[in-house]
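First comes the structure, then the notes that go with it.
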């Protein structure tokens, strides 16, 4: 699938009590939305090899490691607000690497699931292809490629956003490589009222941390793009 997270999907996750199951205890914001949607795909996973990319102080790995073999692929270099030193989570092995740089520490076809939350938006456009290529390299045939991506949508199309959205659609349905789990949204990348969005007070507080985005946050809504596909077998 490729789409922006809609309120009906978020409300369904809230009805299922997913925030309580994750035990985040944090104020509700876009990260809660992303956690709920991704965890909705992984809640029933059992005895799988699962990698989170750039998990840092991962919230989801704490919840899914009890029933699966989990790895956090994270350089722990403090980039983009991430931790500058290793974070140890019970039942989770750390691999200090950046996906897209073809690390020898990550074996071919090693994982049943490769996922990320709020990571892909930090990658430069020219690095997305290498990220995708290595992600498929380490994913087993039939494995799940799953990402929640921070996005800012306004009232009109934005060429920069459109470029990235085009890449995400290709990830979801790449001929001979991936097939989507669900529908592909092919409409324009503009905000609509049915999208789950970041609360304005959170947008303001994030502007204090990252002031270069303040003007954008005044004019656009913070939403989540979701990519879910499976690596084609054979």
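Each value in this text was obtained by applying a stated rule to the coordinates, not by laboratory testing. Because the structure is a prediction, the values reported are computed rather than measured. Cβ atoms come from the backbone with ideal geometry, glycine included; neighbour counts cover every protein chain shown.
Calculated [222 nm] ellipticity per residue, helices only, for the chain: -9000 deg cm²/dmol; basis is -39500 (n - 2.57) per DSSP H run with n ≥ 4, divided by all residues, nearest 500. Shape class of region 131-234 from the Cα gyration tensor (axes a ≥ b ≥ c, square roots of the eigenvalues): prolate, since a/c reaches 1.5 or more and a/b is larger than b/c.
For the chain, the share of DSSP beta bridges that are antiparallel, to the nearest 5, is 45%. Our summary gives region 2-231 a relative contact order of 24 percent, counting only alpha carbon pairs under 8 angstrom and 6 or more residues apart. Remark: 35, 133, 201 ranked as 201, 133, 35, counting other beta-carbon atoms within 10 Å and listing the fewest first.
Compared with the direct C-alpha span, the chain from residue 101 to residue 184 gains 27.0 nm at full extension, assuming 0.36 nm per residue. Counting only DSSP beta bridges whose two residues both lie in region 17-97, roughly 0 percent are antiparallel. Could you list log10 I(q)/I(0) for the chain at q = 0.08, 0.09, 0.15 Å⁻¹, which the Debye formula gives when each Cα is one point scatterer? For the chain, the Cα-only Debye profile gives -0.27, -0.35, -1.06.
Take the alpha-carbon centre of region 151-204, take the same for region 212-234, and report the distance between them in whole Å. Cα centroid of region 151-204 versus Cα centroid of region 212-234: 6 Å apart. Multiplying the residue separation of residue 232 and residue 193 by 0.36 nm and subtracting their alpha-carbon distance yields 10.6 nm.
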